1. Between the helical axis of 136-148 and the dominant principal axis of the chain, each derived from Cα atoms, what acute angle in degrees is found, rounded to the nearest 10?
2. Of the heavy-atom accessible surface of the chain (probe 1.4 angstrom), what whole percent is carbon and sulfur?
3. Ignoring ligands, DNA and RNA, how do 35, 204 rank by accessible area with a 1.4 Å probe, largest first?
4. At a 10 angstrom cut-off on C-beta neighbours, averaged per residue, how do the peptides 185-196, 89-100 rank from highest to lowest?
5. Give, in nm to one decimal, the length gained when the segment between residue 211 and residue 34 is fully stretched (0.36 nm per residue of separation minus the Cα-Cα distance).
6. Multiply the residue gap between residue 12 and residue 190 by 0.36 nm, knock off their C-alpha separation, and tell me the result in nm, one decimal place.
7. Answer with a single label: of [x] 38, 20, 18; [y] 36, 29, 19; [z] 41, 18, 16, which was calculated as semi-axes √(5λ) of the Cα gyration tensor in Å from the structure in view?
8. Report the full-extension gain for the segment residue 148 to residue 41: residue separation times 0.36 nm, less the Cα-Cα distance, to one decimal in nm.
Amino acid sequence: MPPVQAPPSQQLPAVQKLRVRFAKRGRLRFTSHRDFQRAFERAVRRAELPVAFSHGFSPHPKISYAGAAPTGAASEAEYLEISLTHERDAEQVRAALDEALPPGLDVLEVVVAGPGALAERLEASEWQIALPGADPEAAVTAVRTFLERDEILVERMTKRGLRSFDCRAAVLRLTVASEPGPVAACAILQVVLRHGTPAVRPDDVLAGVLEVATLPVTGPALLTRLAQGPLTTDTGTVEDPLARDRDANQATATGQAGPRQTHTAEGDAAAPSVP
């Protein structure tokens, strides 16, 4: 069996890149992005994956994270990429990583990376905002008031201090859901947010709603990312970012891949974080 992690003096080239979709659920939604990075690297070692390393004075595993959710938010659509020095079956990698991670950090899918950059596909996110104690009819009125505005300024503390920005422009769709929520007696908002700069988060949208309308809430909001990926602008729909990879893999398996559909795992770059 090839070495799991080659020492820096014997680094092997990356020959395969995998894209991973995982979820943050339950109490694990309070895991910070840095905490998850450490947990995932431990899971890679436990799963004995032949991860590739960067070159230089301080080599590090070639794992890049895209579109990390804010701490405290649950998510069904988190993504990362990992480069390996030996090819592995994607489903076996999924099962091994899922077993190595704690319950609540669940690996949902692993695919072999096709052409194109994953980070560029993450154009928007769909979020669910559960508001305990909020009346659904009052929520409908509040959402209508929010959508009638052209600009709504909110403030958030950032690393550079308190920052004010418009939370309205990033909202492509905002509705009140009719289905039951994850907690009893609550209103459910569903929002589609375009990724951009400054990054607008679902809690910013909630702050904007509460800024322009009265909406009594009896507890902290529960934020859950339902989807993240390419945006269909005319419908405000967020598509699956791994669909192209599945198509490319299927074309390769059936011998229909053209010369431009090949992919190498060299030159991996860390993907930027977006909401």
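The values are calculated or read from the model by the stated rules, or taken from the named source; none is laboratory data. Computed from a prediction, not measured in an experiment: that's the story for all the values here. Because the Cβ atoms are built from the backbone with ideal geometry, glycine has one as well, and the counts that use them run over all protein chains shown. Ligands, DNA and RNA are stripped out before the accessible areas are found, and what is left, the full protein with its side chains, is counted by its heavy atoms. Shrake-Rupley method; radii C 1.70, N 1.55, O 1.52, S 1.80 Å.
1. Tilt relative to the chain: about 80 degrees.
2. 50 percent
3. 35, 204
4. In decreasing order of mean packing, 185-196, 89-100 become 185-196, 89-100.
5. Between residue 211 and residue 34, full extension yields an extra 60.6 nm.
6. 59.5 nm
7. [x]
8. 33.9 nm
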